[in-house]
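This report refers to the structure that appears directly beneath it.
The values are calculated or read from the model by the stated rules, or taken from the named source; none is laboratory data. These figures come from a predicted structure and were not determined experimentally. Here the Cβ positions follow ideal geometry from the backbone for every residue, glycine too, while neighbour counts run over all protein chains shown. Just the protein is used for accessible areas: all its heavy atoms, side chains included, with ligands, DNA and RNA removed. Shrake-Rupley method; radii C 1.70, N 1.55, O 1.52, S 1.80 Å.
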Amino acid sequence: MKIIYTNNEGGVSVIIPTGELSIEEVAAKDVPEGVAYEIVEDDAIPSDRFFRNAWVANGAAIEVDLDQAKEIGHTIRRQQRAEEFAPLDEVIAKQIPGADAEAAEAGRQLIRDKYAQVQEQIDAAATPDDIKTALEVTP
Amino acid sequence: MPITINGSGTVTGISAGGLPDASITLDELASSVYSSFSAKDGTHTTGTITSGTAALTVASGSGVSNGDYVVGEGITPGTTVSSGGGTTSITLSANANTTLSSDPIAFYSATKLLTPGLVGGQLCRAWVNFNGTSTVAIRASYNVSSITDNGTGDYTVNFTTAMPDANYASVSTSEHDNGTALDWLLVEGDIPPTSSAIRLSNRTNAGGTRDTRFAMVVIFR
């Protein structure tokens with residue numbers, strides 16, 4: 001058994017008891033005062049935490065807020081793009097002798113085009129799995 | 001008459017109404033008052049118990065005595081052996097709050113001092129080892145009622161028995177995976193520790209938050 005409640009940030013906090021106290025005692029002690037909570041079965045908590053910060057409580061169920069999931073998806077997209085840009089940026093910024101700056105710039109354009117497409121796919125996503133697909137993460 | 005500790009290990013000179021001569025020996029002090037090295041380490045075995053019951057079956061009852069403190073997942077702090085010491089069928093002083101199936105369990109003498117000079121502040125007040133990824137799960141703990149999973153790499157450790165105040169010291173470790181990521185499990189500065197809980201944030205070397213497989217927290221006060 002676990003306890004869920006909506007936290008100050010609007011997300012879901014999940015309390016995992018150690019077993020030293022009963023679930024009711026843990027709820028009385030560890031849920032912030034005055035906050036509504038639900039005691040749920042273990043399988044009510046998703047094991048996929050890819051969009052953990054987009055979790056919202058709907059009664060005793062946890063759902064993924066699509067708009068917040070898209071924000072997370074865009075953050076990951078920017079990180080992935082920056083990682084792919086980095087070696088090409090280095091060639092251009094440092095004017096490394098023997099390196100082909102034109103090829104590096106062409107490579108950067110390919111990355112821009114790729115991630116512009118990913119951006120469109122994330123914006124158009126109808127489900128969290130669509131966002132993962134756009135990011136080439138196994139749904 | 002002065003009280004004398006003799007070379008033979010006896011004490012003499014205690015007047016009428018006190019203890020008779022030779023009733024306290026250094027050997028008795030050594031064996032009956034202070035813990036031996038093995039007593040300090042405790043007796044470790046595995047145990048099986050059903051949540052809500054007090055009947056514990058252990059793999060080995062050797063070294064377990066009635067009155068010993070019992071430490072294990074789901075065992076309420078302060079639980080002792082009521083009966084069955086020395087056997088594999090033990091009755092605890094309090095019902096377990098979780099079901100154990102051949103899980104680690106330890107017994108510590110409740111009647112002996114640990115060692116001269118060791119004082120409360122040198123003892124760990126609480127600790128927990130948990131997996132913060134996938135289905136967040138607590139591996140083992142002491143004096144921790146629960147972990148709150150607040151988000152990615154964002155955890156609160158809640159104490160069963162509160163600390164005397166919020167001025168305790170926490171030690172927390174995280175993991176280094178086989179890639180390039182280095183993690184640090186840090187006190188969340190925006191939410192200072194309280195006597196009842198401490199909030200921790202698992203940070204990567206890039207500054208972001210990340211779930212960690214090995215979160216370990218120890219509290220001293």
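Tell me whether the range B:158-174 contains one or more residues that are among the charged types (D, E, K, R) and farther than 10 Å from B:Ser196 by Cα.
no
Does B:Val64 satisfy being away from every other protein chain (no Cβ under 14 Å), closer than 27 Å to B:Thr161 by Cα and crowded, with 21+ Cβ neighbours inside 10 Å?
yes
Kindly indicate whether A:Lys114 is in contact with a helix residue (DSSP H, G or I) (Cβ under 7 Å, 6 or more places away or on another chain), away from chain B (no Cβ under 13 Å) and not β-branched (Val, Ile, Thr).
No: the conditions fail for A:Lys114.
Do we find a residue being closer than 30 Å to B:Ala94 by Cα, at pLDDT below 90, open to solvent by less than 30 Å² (accessible area, probe 1.4 Å) and facing chain B (nearest Cβ under 10 Å) anywhere in the range A:3-18?
no
Do we have any residue at all in the range B:158-172 that's open to solvent by less than 60 Å² (accessible area, probe 1.4 Å), within 14 Å of chain A (Cβ to nearest Cβ), free of Cβ contacts under 8 Å to residues at least 60 places away in the same chain and assigned to a strand (DSSP E or B)?
So far as the range B:158-172 goes, yes, one or more of its residues are open to solvent by less than 60 Å² (accessible area, probe 1.4 Å), within 14 Å of chain A (Cβ to nearest Cβ), free of Cβ contacts under 8 Å to residues at least 60 places away in the same chain and assigned to a strand (DSSP E or B).
Pick out the one residue from A:Ala134, A:Ala28, A:Ala60, A:Ala36 that is farther than 21 Å from B:Gly151 by Cβ and without any contact (Cβ under 8 Å) to a residue 60 or more places away in the chain.
Among A:Ala134, A:Ala28, A:Ala60, A:Ala36, only A:Ala28 is farther than 21 Å from B:Gly151 by Cβ and without any contact (Cβ under 8 Å) to a residue 60 or more places away in the chain.
Residues that are within 14 Å of another protein chain (Cβ to nearest Cβ) and farther than 15 Å from A:Lys132 by Cβ: does the range A:87-100 have at least one?
no
Of the residues A:Ser22, A:Ser47, which is among the small types (Gly, Ala, Ser), under 27 Å from B:Arg139 (Cα atoms) and surrounded by 12 or more Cβ atoms within 10 Å (Cβ to Cβ)?
That would be A:Ser22, the only listed residue that is among the small types (Gly, Ala, Ser), under 27 Å from B:Arg139 (Cα atoms) and surrounded by 12 or more Cβ atoms within 10 Å (Cβ to Cβ).
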